[in-house]
Amino acid sequence: VCMIPDYVSRDGRAKAIFRLGGDEFAAVVDEVDMEKVGEIAQKLIDMIKEPYFISNHELDISCCIGISTYMNDNVPVDTLLKYSDIALYEAKRVHGAYKFYEFSHSSMYLNEIKIEKELRKAIKRNQIEVYLQSLVDTDERILGVQALVRWLHPEYGELEPGQFLHIAQKTDQIILLGNYVLRRALMHLKKIHEAGHRDLFIMISCTAKEFYHPGFVSTIKSALNEIGIDPGYLKINLEDRFSFQAAQNALAIIKELNELGVRFAVNGFESAYPAFAFLQQMPKDTMIKLNKAYVQNIVTDKRNRSFLMALMDIITMWDLDVIISGIETEEQKQLLDSRRCILQGYHFNIPKPLERYLEDLGQGA
């Protein structure tokens with residue numbers, strides 16, 4: 001970080017360099033040719049990517065650059081910085097890239113930029129919380145818990161994953177957030193075990209970006225070791241739209257963790273042949289998770305009900321466990337009473353913070 005101004009000044013066309021905070025800098029460049037501005041940005045990116053060693057360890061460093069331009073002195077500095085910020089947000093979608101501000105980006109990204117910046121601070125400010133929701137059998141005995149992230153935002157209140165996770169996934173913040181949720185969830189499970197419920201497991205959700213991150217396996221292992229949780233109590237749910245394109249890489253990661261005792265659940269089963277082919281190579285203790293879309297009409301729609309039952313027959317034939325989420329009524333639950341499955345949904349309980357969940361467990365809820 002200390003060397004960034006030196007890198008920027010090497011080009012000689014930077015009139016001023018400012019540190020905005022953390023690892024963000026702003027530079028004013030006296031150049032009207034947009035192509036040359038792009039060349040300056042790419043040259044800076046290439047310089048920062050040069051090998052850098054500390055104690056014989058090579059560091060992998062990259063940067064992203066957002067560029068805004070002005071043709072006269074009537075544009076306020078704070079407006080230029082805002083435009084650069086919007087362009088930077090777009091550039092972060094690709095490692096080591098630069099982007100020019102485009103007016104069409106403004107309405108789309110301004111709110112997302114605000115959320116992204118606040119999300120960076122949310123973990124440090126203890127605004128991210130992990131709620132728990134039961135996973136039960138058809139007799140409503142609790143088998144485990146699902147970890148569900150919530151952002152207790154000081155202005156917007158309690159935010160659910162759909163309101164901010166897609167923003168985190170556009171940058172590496174999803175890695176930081178995922179690591180935090182993993183450790184928080186395991187600490188919750190430890191307290192559940194200490195409260196006498198030692199047979200319960202915990203399931204965390206994982207996006208493709210987290211799963212394929214180079215440090216994924218080591219992060220899981222170190223979290224389990226440091227918090228003192230047996231790997232057999234951790235289930236990892238591969239989220240909807242999970243990519244099976246790099247199937248062999250995925251299977252190698254899954255095998256390594258599965259050999260420790262970690263089990264996996266696959267979501268998004270509707271992706272047809274690629275998912276079926278992938279599942280045939282998965283460990284035998286893999287679970288299949290079917291979401292709310294599969295059950296919301298099973299009471300009133302016979303075809304929908306028949307499809308779900310046929311799908312469950314296939315999963316059972318493969319000797320895999322099936323988890324069905326989104327159970328909201330007693331009628332839905334009764335239709336599944338005779339099946340071998342794990343159930344989840346508001347019919348059994350709503351997601352709750354640890355303290356309230358422990359109270360429910362103590363009351364037999």
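The values are calculated or read from the model by the stated rules, or taken from the named source; none is laboratory data. As the structure is a prediction and not an experimental result, all values here were calculated from the model. All Cβ positions, even for glycine, are placed from backbone atoms using ideal geometry, and neighbour counts span all protein chains on display.
Applying the selection to the stretch 171-208, what residues are β-branched (Val, Ile, Thr) and assigned to a helix (DSSP H, G or I)?
The initial filter retains those residues of the stretch 171-208 that are β-branched (Val, Ile, Thr), namely 171, 174-175, 181, 192, 202, 204, 207.
Passing the criteria: ILE174, ILE175, VAL181, ILE192.
Please go through (1) in a helix (DSSP H, G or I); (2) modelled with pLDDT under 75; (3) among the hydroxyl-bearing types (Ser, Thr, Tyr) for SER84 and return the number of the only condition it doesn't satisfy.
With respect to (1) in a helix (DSSP H, G or I); (2) modelled with pLDDT under 75; (3) among the hydroxyl-bearing types (Ser, Thr, Tyr), SER84 is out only on (2).
Could you tell me how many of the residues in the stretch 119-163 are farther than 19 Å from VAL181 by Cα, modelled with pLDDT under 90 and in contact with a Leu (Cβ under 8 Å, 6 or more places away or on another chain)?
0
Given the conditions (1) within 30 Å of the chain's Cα centre (by Cα); (2) surrounded by 15 or more Cβ atoms within 10 Å (Cβ to Cβ); (3) of a type in the set (A, V, I, L, M, F, W, C), which single one is not true for ILE350?
(2)
For residues in the stretch 277-320 being within 19 Å of LEU143 (Cα to Cα) and touching a helix residue (DSSP H, G or I) at 6+ places or on another chain (Cβ under 8 Å), which is surrounded by the most Cβ atoms within 10 Å (Cβ to Cβ)?
Only one residue fits best here, namely LYS289.
Going by what's in this entry, would SER243 be described as of a type outside the set (A, V, I, L, M, F, W, C), more than 27 Å from SER134 (Cβ to Cβ) and either buried (at least 21 other Cβ atoms within 10 Å of the Cβ) or modelled with pLDDT of 95 or more (or both)?
Answer is no for this residue.
Restricting attention to the stretch 298-308, does a residue exist that is under 14 Å from ALA265 (Cα atoms), touching a residue at least 24 places away in the same chain (Cβ under 8 Å) and of a type in the set (Lys, Arg)?
There is no residue in the stretch 298-308 that is under 14 Å from ALA265 (Cα atoms), touching a residue at least 24 places away in the same chain (Cβ under 8 Å) and of a type in the set (Lys, Arg).
Of all residues in the stretch 77-97 being in contact with a Ser or Thr (Cβ under 7 Å, 6 or more places away or on another chain) and touching a residue at least 24 places away in the same chain (Cβ under 8 Å), which is surrounded by the fewest Cβ atoms within 10 Å (Cβ to Cβ)?
Our first condition is that a residue be in contact with a Ser or Thr (Cβ under 7 Å, 6 or more places away or on another chain); within the stretch 77-97, this holds for 80, 83-84, 86-87, 92, 95-96.
The next check asks that each one be touching a residue at least 24 places away in the same chain (Cβ under 8 Å); those that pass are 84, 86, 92, 95-96.
Working: SER84: 23, ILE86: 23, LYS92: 17, HIS95: 13, GLY96: 15.
Result: HIS95.
Which residues, taken from the stretch 322-340, are surrounded by 18 or more Cβ atoms within 10 Å (Cβ to Cβ) and not hydroxyl-bearing (Ser, Thr, Tyr)?
Of everything in the stretch 322-340, those that are surrounded by 18 or more Cβ atoms within 10 Å (Cβ to Cβ) and not hydroxyl-bearing (Ser, Thr, Tyr) turn out to be VAL322, ILE323, ILE324, ILE327, GLN332, LYS333, LEU336.
Using beta carbons and a limit of 6 Å, which pairs, at least six apart or on different chains, have the first residue in the stretch 339-365 and on the phi > 0 side of the Ramachandran plot and the second one assigned to a loop (DSSP other than H, G, I, E, B) and β-branched (Val, Ile, Thr)?
As it stands, the answer is GLY345/ILE327, since those pairs meet every condition given.
Select, from LEU159, LEU224, the only residue that is free of Cβ contacts under 8 Å to residues at least 60 places away in the same chain, in contact with a Pro (Cβ under 8 Å, 6 or more places away or on another chain) and closer than 28 Å to ARG125 by Cβ.
LEU224
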